[in-house]
Structures are given as structure tokens and as C-alpha cells.
Amino acid sequence: MASLPVSPDPAATVMVLRPADPGFEVLVVRRPDRGDFGGLVVFPGGKVDEVDASNLARRVVASSHDDRHYRSAALRELAEETGLLATRDGLVPSPRLHGESLYRAIESDGSVIDGGALVLVSRWVTPVVSARRFDTRFYLLGAREVPQVDLDEDELVGYAWVTPSAALGRYNDGEWPMILPTVSHLRWLERRASIDDAAYAAMGADGRTLIEPRIMQDGSLLPIHMPES
């Protein structure tokens, strides 16, 4: 008897963009050699936790969107992993706290996390035959000024601000190992001329349309290309 598919865990990730000459750079981070994404170069992000859907998160994260708990998770993970907190005043240094403690510190300080600053780009789900699955929403966050990244060294071993073309070059050279969703979003970003162009191109993403890569007979994933618009 065939086993039932594993239910995907909700997750969120954020592509932070900063101006460069020309165009823009995106923040990528590298995971340590352990866990689900060991050794990979990815965008900051992680699983949606219960606290992200709590009343505490609702008080701290300003958002009128239906996916507000995903947005809360994306920006919480960004703060925890990189020390960058997205507020209504832009990106500022984050308290070195996690989960509920982070939310409570932000509330105590009177700050507000700007969940509305995120632009939804796509929603990906791990193939149904996988042993561990994720239902991940990818967001865009444009920032004009960015403070120094302060990595959580328990979760990450490195970071880089890089153009999408340069990141893909390091992937193609075998220097930066990546998974298909990361590569596909970098290819999509590579076609954008500016931060504003990227945000405009993402307009219309509804969070309901799923991208689920197919596994080929040899075990590889069918390449997925993001829409041209």
C-alpha cells in the first residue's frame, strides 16, 4: 500500500535588495553543513512558527494581508538570522533574540515590523514524493539603506551582497551550491533592471498559485523558470 504524501510545513523566505551601480544586489546567506539545507546558499527564511500567527505577532507586525503569518515569519527569520529588522523607518539593527522573546522586545520598545513592505513573488511547494516538504512563500523587500549584517552564527556561516548574475555565476562554477527555487528566483531577478522593476514585475502574485517542480525518472528536478513579466 502506497504511503500518503507528507503534509508540507509552511515556510517563508525574503529576498532583500539594496541599490547598486548599476541595478541592485540581493542578500544571500549560507547554511552550516547540517539540517535540511546543509551547506546551501539560500535567501534568509525558515518555517512559520505558532508565534507568527499569535496575537502577539498581530500587535507587532503591521499587515492587512491574508498571508500575514507568513510575512511575520519571513521578517522574524530575517531579524533572527541577519540582525536586520524591517520597520516603518526602514531596516534597522535587530535585538539578538528569537521567537516570542524577539516579538516581545519589539513590542516593549514601541517598534512596529512593517509586514506591508514585503512584496509576494511566488509560492513553491516541495514535490509530493519528498520525505520532507515545505510550502514556501517568497517575498521581496527593497531597502535604500541597510545596516551592517550581524549573522546568527548558530544558523549561518556566511553571507554576501551580490548581483543576481554574479550569484548565478558562482552557482554555475560549482562554488555556491543552491536548490532549484533559489536558482529560479535569481534568474527572475537577473531580468529586472532595478528594485522598483522587480517589485512591479511581482505584482499579481496571489499566493494561491503553487509552483511544484516535477521529479524526472533520473531523480533530477524539472527546471522551472519564473514568468517573464
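The values are calculated or read from the model by the stated rules, or taken from the named source; none is laboratory data. Please read all numbers here as calculations on a predicted model, not as lab measurements. Using ideal geometry, Cβ is built from the backbone for each residue, glycine included, and neighbour counts are taken over all protein chains shown. Quick note on the areas: whole protein, heavy atoms, side chains included, nothing else; ligands and nucleic acids left out. Shrake-Rupley method; radii C 1.70, N 1.55, O 1.52, S 1.80 Å.
Details
- Qualifying residue in the range 46-65 (condition: open to solvent by 10 Å² or more (accessible area, probe 1.4 Å), part of a strand (DSSP E or B) and farther than 22 Å from T126 by Cβ): yes
- In the set (1) part of a helix (DSSP H, G or I); (2) open to solvent by less than 30 Å² (accessible area, probe 1.4 Å); (3) not aromatic (F, W, Y), the condition left unmet by L85 is number (1).
- Residues in the range 88-102 that are among the aliphatic types (A, V, I, L, M) and open to solvent by less than 40 Å² (accessible area, probe 1.4 Å): L91, L102.
- Filtered residue count, the range 66-78, keeping only those that are surrounded by fewer than 24 Cβ atoms within 10 Å (Cβ to Cβ) and under 18 Å from S111 (Cβ atoms): 1
- Filtering the range 158-181 to residues that are at pLDDT below 95 and either of a type in the set (K, R) or more than 16 Å from the chain's Cα centre (by Cα) (or both) leaves nothing.
- Given (1) among the hydrophobic types (A, V, I, L, M, F, W, C); (2) open to solvent by less than 30 Å² (accessible area, probe 1.4 Å); (3) in contact (Cβ under 8 Å) with a residue 60 or more places away in the chain, number of the condition V129 does not satisfy: (2)
- When the criteria are applied in full, V112 meets the requirement of being among the aliphatic types (A, V, I, L, M), over 14 Å from the mean Cα position of the chain (by Cα) and open to solvent by 10 Å² or more (accessible area, probe 1.4 Å).
- Against the list (1) open to solvent by 20 Å² or more (accessible area, probe 1.4 Å); (2) modelled with pLDDT under 95; (3) over 17 Å from K47 (Cα atoms), the condition A202 fails is (1).
- Residue check, A62 more than 30 Å from V129 (Cα to Cα) and either free of Cβ contacts under 8 Å to residues at least 12 places away in the same chain or out of contact with any helix residue (DSSP H, G or I) (no Cβ under 8 Å at 6 or more places or on another chain) (or both): no
- Of residues in the range 168-199 being out of contact with any Phe, Trp or Tyr (no Cβ under 7 Å at 6 or more places or on another chain) and of a type in the set (G, A, S), the one farthest from G46 (Cα to Cα): A193
- Options L27, L40: the member that is open to solvent by 10 Å² or more (accessible area, probe 1.4 Å) and either in contact with a Pro (Cβ under 9 Å, 6 or more places away or on another chain) or β-branched (V, I, T) (or both): L40
- Test for A105: is it surrounded by fewer than 18 Cβ atoms within 10 Å (Cβ to Cβ), at negative phi, more than 18 Å from the chain's Cα centre (by Cα) and in contact (Cβ under 8 Å) with a residue 60 or more places away in the chain: no
- Of the helices (runs of 4 or more DSSP H) lying entirely inside the range 90-201, the ones with 2 or more residues being closer than 30 Å to S7 by Cβ and out of contact with any Gly (no Cβ under 6 Å at 6 or more places or on another chain) are found at 99-109, 180-190.
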